[in-house]
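Scroll down for the structure; my scribbles are underneath it.
The values are calculated or read from the model by the stated rules, or taken from the named source; none is laboratory data. Since this is a predicted model, take the numbers as computed values, not measurements. Neighbour counts are summed over all protein chains in view; Cβ atoms, including those assigned to glycine, are modelled from backbone coordinates with ideal geometry.
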Amino acid sequence: MRFRVARYVFFISIIDPLTLWSQQSQVTTPPHVLTCGRSSVVESQVILQTSGNAGLVPVWTWTPEKSKGMPPGLIKNFSTIDECKPASGGSELLVTSSHDAVAIVSRKTGDTLFSANVKNAHSAALLPDHLIAVASSDATDGTGDRIVFFDRRVSNVRLAELPLHAAHGLVWDEDRKRLWADGFDQLVSVRVTRDETGLVHVSFLKIYNLPESTGHDFRMSSDCSTLYVSTTHHAYEFPIAEEKFLPYAPLADFLDLKSFSVDPRSGQIVYTLADKGGYWTSTLRFVLPKGTALLETPIYKARWVTDLPPTCGETAVPRLPK
């Protein structure tokens with residue numbers, strides 16, 4: 001199957017590029033970054049030169065109309081892709097669109113392995129027992145503002161729902177066997193169980209008030225000790241054992257932080273900020289050191305391929321508790 005390759009032409013101004021990638025010299029390949037927006041997901045190799053310039057070399061592109069297994073009636077729903085999250089050890093992607101769609105995509109073939117119509121979908125997470133949770137954000141017709149649960153083996157069949165105003169981010173916590181989510185002004189932990197008949201039961205375990213409203217991107221540290229959440233005006237870290245919000249120093253005061261992702265090998269952070277007056281951006285940004293890259297096609301989020309969901313002390317995904 002062939003995929004359309006997007007063209008990116010830009011320059012990036014950064015400080016001491018050799019310091020940035022000092023740890024990268026110890027790995028076999030430079031990091032790959034996923035960028036998504038409009039109706040495509042692009043995986044690109046990051047190339048940094050000693051002169052301080054950088055480039056993205058696209059190596060893989062996904063579009064819904066060329067994806068085997070994508071229902072024809074759902075293709076148009078992927079016109080505003082707002083998430084492209086690596087999953088299953090990097091062999092799959094979770095793709096959501098605010099135009100009411102979610103899909104699990106194979107990185108090897110580009111095939112659609114699961115799909116569903118979900119109002120204003122903003123993120124997704126894979127859970128044990130073949131489950132997938134999807135954040136359905138605010139909707140004027142009353143069909144959003146919830147977390148929706150599916151069995152990934154059966155597309156578009158809802159198993160359970162849990163209300164959450166402006167649901168935006170989801171993370172499965174393998175260490176504590178719970179789902180974390182952020183919404184408009186709350187961070188919540190959710191108990192998810194599946195009984196012998198296959199029924200899925202969901203309930204809130206704990207609800208925390210965010211320091212301010214408009215919760216947006218949502219991440220977890222690789223050791224499952226800390227959650228990270230962005231809002232319109234700030235970014236916070238939430239050490240789970242301490243149950244308190246603290247400024248997340250690298251991105252603490254950035255405005256309209258739509259996504260952030262850490263490469264665990266180098267510590268490099270890639271992030272996106274909404275352009276003034278909109279939701280999308282034509283600039284890809286880096287920390288450690290600072291840098292910006294101008295893109296031809298607007299994007300919404302960026303994720304390192306290496307930024308995978310943490311598994312903590314578990315090497316295999318067990319079944320949910322009964």
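Limited to segment 173-209, what total is found for residues that are of a type in the set (Gly, Ala, Ser) and surrounded by 17 or more Cβ atoms within 10 Å (Cβ to Cβ)?
Residues of segment 173-209 of a type in the set (Gly, Ala, Ser): 181, 183, 189, 198, 203.
When the remaining residues are screened for being surrounded by 17 or more Cβ atoms within 10 Å (Cβ to Cβ), the result is 181, 183, 189.
Matching residues across segment 173-209 total 3.
Here are 148, 154, 134, 171: which of them is under 22 Å from residue 112 (Cα atoms) and without any contact (Cβ under 8 Å) to a residue 12 or more places away in the chain? Give the derivation first.
Working: 148 fails: without any contact (Cβ under 8 Å) to a residue 12 or more places away in the chain; 134 fails: without any contact (Cβ under 8 Å) to a residue 12 or more places away in the chain; 171 fails: without any contact (Cβ under 8 Å) to a residue 12 or more places away in the chain.
Exactly one of 148, 154, 134, 171 is under 22 Å from residue 112 (Cα atoms) and without any contact (Cβ under 8 Å) to a residue 12 or more places away in the chain, namely 154.
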Of the candidates 44, 115, 97, 123, the one satisfying the condition of being within 19 Å of the chain's Cα centre (by Cα), at pLDDT below 95 and surrounded by 22 or more Cβ atoms within 10 Å (Cβ to Cβ) is 44
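Only one residue in 292, 297 is under 19 Å from residue 98 (Cα atoms), at pLDDT below 95, among the β-branched types (Val, Ile, Thr) and assigned to a strand (DSSP E or B). Which one? Reasoning before the result, please.
Working: 292 fails: under 19 Å from residue 98 (Cα atoms).
Going through 292, 297 in turn, just one is under 19 Å from residue 98 (Cα atoms), at pLDDT below 95, among the β-branched types (Val, Ile, Thr) and assigned to a strand (DSSP E or B): 297.
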Checking 109, 143 in turn, the sole residue that is part of a loop (DSSP other than H, G, I, E, B), more than 17 Å from the chain's Cα centre (by Cα), on the phi < 0 side of the Ramachandran plot and in the same structural domain as residue 60 (by TED's automatic domain parsing) turns out to be 109
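Quick check: anything in segment 119-130 in a strand (DSSP E or B), in contact (Cβ under 8 Å) with a residue 40 or more places away in the chain, of a type in the set (Ser, Thr, Tyr) and not assigned by TED's automatic domain parsing to the domain that holds residue 41?
Just the residues of segment 119-130 that are in a strand (DSSP E or B), to begin with: 121-126.
Still in the list and also in contact (Cβ under 8 Å) with a residue 40 or more places away in the chain: 122-126.
Applying the additional criterion that residues be of a type in the set (Ser, Thr, Tyr) yields 123.
Filter again for not assigned by TED's automatic domain parsing to the domain that holds residue 41, leaving 123.
Yes; the residues of segment 119-130 include at least one that is in a strand (DSSP E or B), in contact (Cβ under 8 Å) with a residue 40 or more places away in the chain, of a type in the set (Ser, Thr, Tyr) and not assigned by TED's automatic domain parsing to the domain that holds residue 41.
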Those residues of segment 219-252 which are over 20 Å from residue 309 (Cα atoms), loosely packed, with under 15 Cβ neighbours inside 10 Å and in contact with a Pro (Cβ under 8 Å, 6 or more places away or on another chain) amount to 246
Considering only segment 55-65, I want to know if a residue exists there that is surrounded by fewer than 17 Cβ atoms within 10 Å (Cβ to Cβ), assigned by TED's automatic domain parsing to the domain that holds residue 302 and in a helix (DSSP H, G or I). yes
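Yes/no matrix, rows are residues, columns are (1) touching a helix residue (DSSP H, G or I) at 6+ places or on another chain (Cβ under 7 Å); (2) closer than 16 Å to residue 127 by Cα; (3) touching a residue at least 24 places away in the same chain (Cβ under 8 Å); (4) in the same structural domain as residue 85 (by TED's automatic domain parsing):
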position	(1), (2), (3), (4)
185	no, no, yes, no
202	no, yes, yes, no
218	no, no, yes, no
228	no, no, yes, no
233	no, no, no, no
243	no, no, yes, no
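Condition check ((1) of a type outside the set (Ser, Thr, Tyr); (2) without any contact (Cβ under 8 Å) to a residue 24 or more places away in the chain; (3) assigned to a helix (DSSP H, G or I); (4) touching an Asp or Glu at 6+ places or on another chain (Cβ under 6 Å)) across all residues:
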site	(1), (2), (3), (4)
75	yes, yes, yes, yes
78	yes, no, yes, no
83	yes, no, no, no
115	no, no, no, no
